[in-house]
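Asks: Before I ask anything, let me first share the structure, which is written out below as structure tokens.
The values are calculated or read from the model by the stated rules, or taken from the named source; none is laboratory data. Given the structure is predicted, the values throughout are model-derived calculations rather than measurements. Cβ coordinates were reconstructed from backbone atoms using ideal geometry, including for glycine residues, and neighbour counts include every protein chain displayed.
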Amino acid sequence: MYRIIFSLFFIFSFGCAGTMDHLRKVTDQRIIEKQQEANIRRAEYIVNHPTLQNRDRILEGKIDIGMTTEEVEASWGYPSDINRTSEGYEQWIYGFCDEHFCDHTYLYFKNDKLTDWQN
């Protein structure tokens, strides 16, 4: 009986460890793919806008007050959600949630220009 319990424990433990390693590898690969997609998006935008004032910030994946919505999208990608008011204000929401944690950044635009953000 002891051998059966030990064997089941051994199989279960190493089987779960293998699954966790696989999940980490898949997650790491997806992160790398997302970073590559972002780099391609930024480079394409810069090539199509050679005299762009914010080119270095976009290539670094950063934002600054005064950037246009198009420049922010080139730098950070498309937001998860956009809220608009009738007065021309926009709130762009970037982030994710899982079952334990949410992380969001809110960007605020007026007349197509970034005016502020908060984490």
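Asks: Considering only residues of the stretch 69-93 that are touching a Lys or Arg at 6+ places or on another chain (Cβ under 7 Å) and modelled with pLDDT under 95, which is surrounded by the most Cβ atoms within 10 Å (Cβ to Cβ)?
Replies: Checked the stretch 69-93; the qualifying residue surrounded by the most Cβ atoms within 10 Å (Cβ to Cβ) is 74.
Residue-wise test of (1) in contact with a strand residue (DSSP E or B) (Cβ under 9 Å, 6 or more places away or on another chain); (2) over 20 Å from residue 39 (Cα atoms); (3) in a strand (DSSP E or B); (4) touching a residue at least 12 places away in the same chain (Cβ under 8 Å).
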| position | (1), (2), (3), (4) |
| --- | --- |
| 82 | yes, yes, yes, no |
| 93 | yes, yes, yes, yes |
| 100 | no, yes, no, no |
| 106 | yes, yes, yes, yes |
| 117 | yes, yes, yes, yes |
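Asks: Restricting to the stretch 59-68, name every residue that is surrounded by fewer than 17 Cβ atoms within 10 Å (Cβ to Cβ) and either of a type in the set (A, V, I, L, M) or within 14 Å of residue 40 (Cα to Cα) (or both).
Replies: Here is the first cut: in the stretch 59-68, the residues surrounded by fewer than 17 Cβ atoms within 10 Å (Cβ to Cβ) are 59-62, 64-66, 68.
Within the stretch 59-68, 59, 60, 61, 65 meet the criteria.
Asks: Now a separate question. Do you know which residues across the stretch 94-110 are in contact with a Gly (Cβ under 6 Å, 6 or more places away or on another chain) and either loosely packed, with under 13 Cβ neighbours inside 10 Å or farther than 23 Å from residue 42 by Cα (or both)?
Replies: Within the stretch 94-110, 103 is the sole residue that qualifies.
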